[in-house]
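Single-structure report; data block below.
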């Protein structure tokens with residue numbers, strides 16, 4: 001959605017999609033706006049509670065069944081397992097996605113890893129296509145005036161133009177671009193605490209071959225899962241930048257993380273959007 005500053009100011013029910021890598025401030029901003037009559041739609045929360053809920057639970061139950069004491073309780077219906085996913089606690093989603101590598105280090109085999117990656121891709125497409133429905137729900141059921149779509153960092157990886165078109169039709173897309181300093185901080189955090197990530201299959205295959213060659217490893221099962229994530233993150237990060245930029249150039253606008261840090265309230269964020277609209281007008 002492309003708007004002039006005047007059109008944006010006159011927009012009675014603002015609807016914004018935030019794009020960018022995890023850690024750039026999408027959720028912080030969404031939480032800030034949630035207190036000011038904005039409905040916070042978390043793509044990752046929708047994925048975990050609607051589209052991956054059963055696979056996540058099945059994975060947990062599989063682990064539980066490996067423990068005899070808990071296995072007997074589960075089989076006799078003496079215990080009940082449920083997800084406790086919240087907007088601020090998405091760990092069940094990332095734990096299901098998992099890491100590639102040595103099973104003795106909680107790694108997944110390549111076939112199972114790719115299977116879960118594809119489940120996540122399909123779920124993320126579905127969650128983003130739900131945005132128009134939740135825009136209506138936010139207003140008609142919950143009474144929120146405005147809508148913020150806190151999209152996952154991997155939306156740019158979906159290779160599904162129809163989904164991006166839906167977001168562009170119903171929301172103003174805002175790409176939060178990390179500055180050079182913030183890029184290095186995001187990479188440092190990822191190296192300090194490597195978390196499961198989504199990779200396009202073609203990108204994964206290409207980078208995995210390079211990693212195995214550099215580490216002189218003959219098999220995926222010998223990969224240290226955390227080492228692979230640390231090695232992959234900067235490559236993934238820089239591969240996503242042109243994808244984000246292409247979406248913003250065609251469908252939306254860009255703000256830097258330095259600019260975003262200035263937004264301490266709703267009014268400050270609105271001024272930043274107007275700046276982006278004027279700049280790219």
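Within segment 222-237, identify whether any single residue is farther than 25 Å from residue 148 by Cα, modelled with pLDDT of 95 or more, touching a strand residue (DSSP E or B) at 6+ places or on another chain (Cβ under 8 Å) and not in a helix (DSSP H, G or I), and answer yes or no. Show your work before the answer.
First, pick out the residues of segment 222-237 that are farther than 25 Å from residue 148 by Cα: 222-236.
This time we only want the ones that are modelled with pLDDT of 95 or more, so: 222-236.
Keeping just the survivors that are touching a strand residue (DSSP E or B) at 6+ places or on another chain (Cβ under 8 Å) gives 223, 225, 228.
Remaining after also requiring not in a helix (DSSP H, G or I): 223.
Yes, segment 222-237 has at least one match.
Have a look at 44, 53, 72 and point out the one that is modelled with pLDDT of 90 or more and buried (at least 21 other Cβ atoms within 10 Å of the Cβ).
Numbers: 53 fails: buried (at least 21 other Cβ atoms within 10 Å of the Cβ); 72 fails: buried (at least 21 other Cβ atoms within 10 Å of the Cβ).
Step by step, each of 44, 53, 72 is checked, and only 44 is modelled with pLDDT of 90 or more and buried (at least 21 other Cβ atoms within 10 Å of the Cβ).
Take segment 101-119 and flag every residue that is free of Cβ contacts under 8 Å to residues at least 40 places away in the same chain and out of contact with any strand residue (DSSP E or B) (no Cβ under 8 Å at 6 or more places or on another chain).
104, 111, 112, 115
Only one residue in 194, 225 is farther than 22 Å from residue 155 by Cα and surrounded by 17 or more Cβ atoms within 10 Å (Cβ to Cβ). Which one? First the steps, then the outcome.
Values: 194 fails: farther than 22 Å from residue 155 by Cα.
Criteria check complete, one pass: 225.
Please enumerate the residues belonging to segment 76-87 that are within 29 Å of the chain's Cα centre (by Cα) and either at pLDDT 90 or above or farther than 18 Å from residue 124 by Cα (or both). Before the answer, list the steps.
So the first thing to find is which residues in segment 76-87 are within 29 Å of the chain's Cα centre (by Cα), and the list is 80-87.
Hits for segment 76-87 are 80, 81, 82, 83, 84.
For segment 17-75, list the helices (runs of 4 or more DSSP H) that sit wholly inside it and hold at least 1 residues that are over 14 Å from the mean Cα position of the chain (by Cα); which are they? If you could, list the steps in order and put the result at the bottom.
Working: elements: 26-34, 43-46, 53-64, 68-75.
Once the helices (runs of 4 or more DSSP H) in segment 17-75 are filtered for at least 1 residues that are over 14 Å from the mean Cα position of the chain (by Cα), what remains is 26-34, 53-64, 68-75.
Does residue 127 fit the bill of being within 15 Å of the chain's Cα centre (by Cα) and in a helix (DSSP H, G or I)? Give the steps one after another, and end with the answer.
Numbers: within 15 Å of the chain's Cα centre (by Cα): yes; in a helix (DSSP H, G or I): yes.
In short, yes.
Give me a count of the residues in segment 76-96 that are under 13 Å from residue 42 (Cβ atoms) and either in contact with a strand residue (DSSP E or B) (Cβ under 6 Å, 6 or more places away or on another chain) or crowded, with 17+ Cβ neighbours inside 10 Å (or both).
Taking segment 76-96 first, the residues under 13 Å from residue 42 (Cβ atoms) are 85-90, 93.
From what's left, either in contact with a strand residue (DSSP E or B) (Cβ under 6 Å, 6 or more places away or on another chain) or crowded, with 17+ Cβ neighbours inside 10 Å (or both): 85, 87, 90, 93.
Residues that pass the stated criteria total 4.
Among the candidates 15, 46, 34, single out the residue that is closer than 30 Å to residue 82 by Cβ and touching a helix residue (DSSP H, G or I) at 6+ places or on another chain (Cβ under 7 Å). Steps first, answer last, please.
Details: 15 fails: closer than 30 Å to residue 82 by Cβ; 34 fails: touching a helix residue (DSSP H, G or I) at 6+ places or on another chain (Cβ under 7 Å).
The conditions single out 46.
Please specify each residue of segment 96-116 satisfying the condition of being in contact with a helix residue (DSSP H, G or I) (Cβ under 8 Å, 6 or more places away or on another chain) and not in a loop (DSSP other than H, G, I, E, B).
Our first condition is that a residue be in contact with a helix residue (DSSP H, G or I) (Cβ under 8 Å, 6 or more places away or on another chain); within segment 96-116, this holds for 96-103, 105-110, 114, 116.
Listed by number, the residues that qualify are 96, 97, 100, 103, 105, 108, 110, 114, 116.
Mind listing whichever residues of segment 251-269 are free of Cβ contacts under 8 Å to residues at least 12 places away in the same chain and in a helix (DSSP H, G or I)?
Correct list: 267, 268.
Any chance segment 184-203 includes a residue that's assigned to a helix (DSSP H, G or I) and within 19 Å of residue 129 (Cβ to Cβ)?
So in segment 184-203, the residues assigned to a helix (DSSP H, G or I) come out as 184-192, 201-203.
From the residues that got through so far, the ones that are within 19 Å of residue 129 (Cβ to Cβ) too are none.
Looking through segment 184-203, none of the residues is assigned to a helix (DSSP H, G or I) and within 19 Å of residue 129 (Cβ to Cβ).
In segment 172-181, how many residues are over 16 Å from residue 280 (Cβ atoms) and touching a strand residue (DSSP E or B) at 6+ places or on another chain (Cβ under 8 Å)? I'd like the intermediate steps shown before the answer.
Of all residues in segment 172-181, those over 16 Å from residue 280 (Cβ atoms) come to 178-181.
When the remaining residues are screened for being touching a strand residue (DSSP E or B) at 6+ places or on another chain (Cβ under 8 Å), the result is 178-179.
Summing the residues that are over 16 Å from residue 280 (Cβ atoms) and touching a strand residue (DSSP E or B) at 6+ places or on another chain (Cβ under 8 Å) in segment 172-181 gives 2.
Of the numbered conditions (1) modelled with pLDDT under 95; (2) surrounded by fewer than 22 Cβ atoms within 10 Å (Cβ to Cβ), residue 26 satisfies every one except a single condition; which is it?
Of (1) modelled with pLDDT under 95; (2) surrounded by fewer than 22 Cβ atoms within 10 Å (Cβ to Cβ), only one is false for residue 26: (2).
The values are calculated or read from the model by the stated rules, or taken from the named source; none is laboratory data. Since the model is a prediction, treat every value here as computed from it, not as a measurement. Positions of Cβ are backbone-derived with ideal geometry, glycine not excepted, and every protein chain shown enters the neighbour counts.
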